[in-house]
Amino acid sequence: MQDQNKIFERFSPFIREYIYKNNWTELREVQLKAANVLFNTENNLIISSATASGKTEAAFFPILSMLSEEGEDNFTVLYIAPLKALINDQYSRLEYVLEESGIPVFHWHGDVPQAHKEKYIKNPKGILQITPESLESMLINRKNDIPRIFARLRFIVIDEIHTLMGFDRGNQTRCIIERISRLIGYSPRRIGLSATMGDTGKASEWLGNGSGRDTDIIDIKQNEISWRLAAEHFFAVSDNISNTQSDEEPDVSFEDENEPVKAQKKDNEPYPGKPAADYCSEFVYDATKNKKCIIFSNSREETEHVTATMRRIAEVRNEEDRFYIHHGFLSAAIREEAESALKRNEYNTACATMTLELGIDIGRLERIINMESPNTVTGFLQRIGRSGRRGAPSEMLMVFNEEPILPNAPLYRLIPWQLLQAIAIIQLYIEERFIEPPFEKKMPVSLLFHQTLSLCASGGAVTPKRLAQQILSMEAFKNVSREDYRDILVSMIKRGFLEQTEEKELIVGLNGERLTNNFKFYAVFKDSEDFTVRQGSEEIGMITSVPPVGDRFALAGRVWEVEEADLARKLVYVHMVKGKMDISWPGDKGEIHTRILERMRRVIEEDTVYPYLLPNARARLEQVRALNRNTEFTKNLIVPLGNTSYVMFPWFGTKSMRTLKRFLKYKCADDLCLGAIESDSCYYLTYKSDISRPRDVYAYVRELLSRNDISTEELTGLNECPVFEKYDEYLPAHILRKAFYTDKLDMSEIPIRFSENR
């Protein structure tokens, strides 16, 4: 209690008043610990605690109190967030806290009018909330203003830090912070916030390296989990929507909040299902009745499909359309409409991708519905954490709609991979509190190309030696050799991205100007050639290719017919029509950790009855367990499929599976007569071979691995030019190969798996 009073008295009067208004009776552990670090040290800080645990207040209450005491005139806090929606939400929250403080808060991103930005630049003070891309733009276009704007910068707060670590966007954020620090002549304190931190030690290094400060860690673990969780399985049978309408509540009954979920199956829902109504979609629709919900999908395509399906069911049942849509290819107005609908005290549902995973305060959501399985424990925790705020338990319903099994389907097609993955993710967290550790790229060469152009565009002519000193001294590029960077610079000069003056200095070349003069340059994540869709003056969103005039496509959960296409201005004019169609975007599904695959194998082998599985899901799991008892595919790395076809079940994550496929191709194919080596996921790998005994293949590989220390470089073809990131296509082939075998391949797990007694 003494610590409570001591910290409470340190807070400024307007903070204490805010606490009184919100009827807080005490400060939480995370808030006490954060205040102690921020008030009494000059260290950086990592704050890791569950969703809705008060992280934002833990960071900002002490910071705002210190700013209030000192009366700073310039920007003193820089708040960096990965999503515009998160900035908008935090802007509203901080405005409320700061109502009586005199400390202004500004937000800055692509949807904020230019006039507002100019107003902020003329009189910079208080808190600036901004995306990494907008900061990049500021560094390029307003470099001379940076020392004035951030002359009194004290704190840099990075929200949802786990979404940045391990990606080019995160390394870009670190580069931006270092560049600002150099321009203002000192390093401000850094604070990282996250609800799902896999390894706080690595996060501490990622945040603090190069700052010249120690980094404290506050890691508040969940001792008890209060979830109301259920999972159900269907076989996809038809796209027909039945006309039947029930006046009863959905048959998903969440019992005591601290007990596992129980549910009853409707009598008219046979397992595995006969061709009839779309039971899965109607099940999901009914689960949203009289609830405020988010339906999460793993892709924009699936989100569009779900939204259109829910609206179609509502139309057929003659019920109100209460479904909204939220993903990154929609206009700001449509995204904000979904956010506003969730904040209202109404039974609305948003169909969303990961854009609504992060900490936007949308009030008390009553239920999260997840279509299929998330790819990561982190994603699962972020999604389930969106519900259950204000003291209520988190609630999630996971739904799996598997394609029907054909009579002649091969073994690997008989396995419900998504259901198994979801169970594995849930069990890993329940049993071990496992969260994927962050990965740090050693050769982020696409970002290296980007930051080289950015520095030259913002700073003018620079000698190659000085440019190398500026770039290679950044933490993100500490593993890049001077020789490799020299090769990159030579290539950039030859291809016109850089130009060498008579004084042997480097400036941006003509091709470089074409890149840097486009607003898309500020983002380091891959984008596509997008066309803006408009209905009259209203912007709907974006599509990646333009259908002919008169053709139709789906976007924002509705169907549109093309009236006119202005290809030069990248505009498509449409009008709305009735119906339902699919839309497809290219995209990366992300990487899955090996621990998830290993736990999936255990799910099949053990006889545990998971209490959150509803009847269809329990039956489907029992089917695959019976299949394993008959075939023992979890005990046999290689299983014959008939004739010369085989399937391999290595139970590897994405990176190790990628490596294994190349290892078999480059090191084993000739001696073992292997051909047609394929894997469209990390679940299994298929191949053909004339060697009829799988044990001979297993023994050969095991012996080869025991005799040779095989490097990932050996698994990359000399003529390969692997392109993954946004600017890879502009880099020398040998640099791309090196980055690929350094960061995309990993041999460490393969010998372990082949040393198992199988």
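The values are calculated or read from the model by the stated rules, or taken from the named source; none is laboratory data. A quick note: this is a predicted structure, and the numbers were derived from the prediction, not measured. Here Cβ is always computed from backbone atoms with ideal geometry, including for glycine, and neighbour counts include all displayed protein chains. Ligands, DNA and RNA are excluded from the accessible area calculation, which covers all protein heavy atoms including side chains. Shrake-Rupley method; radii C 1.70, N 1.55, O 1.52, S 1.80 Å.
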Here the residues within the range 610-652 that are touching a residue at least 12 places away in the same chain (Cβ under 8 Å), of a type in the set (D, E, K, R) and not in a helix (DSSP H, G or I) are LYS635
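Per-residue answers, yes or no, for (1) open to solvent by less than 30 Å² (accessible area, probe 1.4 Å); (2) at pLDDT 90 or above; (3) farther than 29 Å from ALA341 by Cα; (4) among the hydrophobic types (A, V, I, L, M, F, W, C):
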site: PHE235; (1), (2), (3), (4): yes, yes, yes, yes
site: ASN243; (1), (2), (3), (4): no, no, no, no
site: GLU248; (1), (2), (3), (4): no, no, no, no
site: VAL252; (1), (2), (3), (4): yes, no, no, yes
site: LYS266; (1), (2), (3), (4): no, no, yes, no
site: VAL284; (1), (2), (3), (4): yes, yes, no, yes
Note down all Cβ pairs under 8 Å where the first residue falls in the range 736-758 and is farther than 18 Å from ILE488 by Cα, the second is assigned to a loop (DSSP other than H, G, I, E, B) and among the β-branched types (Val, Ile, Thr), and they're at least six residues apart or on different chains.
LEU745/THR716; MET747/ILE710
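Tell me, which residue of the range 292-304 that is assigned to a helix (DSSP H, G or I) and more than 9 Å from MET371 (Cβ to Cβ) is farthest from the chain's Cα centre (by Cα)? So that I can check it myself, show each step before the final result.
Keep residues of the range 292-304 that are assigned to a helix (DSSP H, G or I), which gives 300-304.
Checking which are more than 9 Å from MET371 (Cβ to Cβ) leaves us with 300-301, 304.
Working: ARG300: 13, GLU301: 16, GLU304: 18 Å.
For the range 292-304, the residue satisfying everything is GLU304.
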Please specify each residue of the range 591-609 satisfying the condition of being surrounded by 14 or more Cβ atoms within 10 Å (Cβ to Cβ), charged (D, E, K, R) and not in a helix (DSSP H, G or I).
GLU591
Tabulated pairs, the range 147-163, first under 18 Å from MET354 (Cα atoms), second among the β-branched types (Val, Ile, Thr) and buried (at least 21 other Cβ atoms within 10 Å of the Cβ), C-beta under 6 angstrom, 6+ apart or interchain
HIS162/THR196
Matching residues in the range 411-426 - criterion: being in contact (Cβ under 8 Å) with a residue 60 or more places away in the chain and open to solvent by 20 Å² or more (accessible area, probe 1.4 Å)
LEU411, TYR412, LEU414, TRP417
Go through PRO82, PRO62 for me and flag whichever is assigned to a loop (DSSP other than H, G, I, E, B) and buried (at least 19 other Cβ atoms within 10 Å of the Cβ).
PRO82
Can you give me the number of residues within the range 9-50 that are assigned to a loop (DSSP other than H, G, I, E, B), open to solvent by 40 Å² or more (accessible area, probe 1.4 Å) and farther than 20 Å from SER211 by Cβ?
6
Could you give me the residue pairs with C-beta distances under 6 Å whose first residue belongs to the range 21-40 and is farther than 16 Å from ALA52 by Cβ, whose second residue is open to solvent by 100 Å² or more (accessible area, probe 1.4 Å) and acidic (Asp, Glu) wherever it lies, and which are 6+ apart or on separate chains?
LEU32/ASP3
The listed residue being of a type outside the set (D, E, K, R), within 19 Å of GLU598 (Cβ to Cβ) and over 27 Å from the mean Cα position of the chain (by Cα), out of ILE752, ILE710
ILE752
If we keep just the residues of the range 89-138 that are assigned to a helix (DSSP H, G or I) and of a type in the set (A, V, I, L, M), which is surrounded by the fewest Cβ atoms within 10 Å (Cβ to Cβ)?
ALA115
Residues satisfying the stated conditions in the range 459-516, i.e. more than 27 Å from TYR741 (Cα to Cα), assigned to a helix (DSSP H, G or I) and among the hydroxyl-bearing types (Ser, Thr, Tyr)
THR516
ALA115 passes all but one of (1) closer than 26 Å to GLY54 by Cα; (2) free of Cβ contacts under 8 Å to residues at least 12 places away in the same chain; (3) of a type in the set (Gly, Ala, Ser); which number fails?
(1)
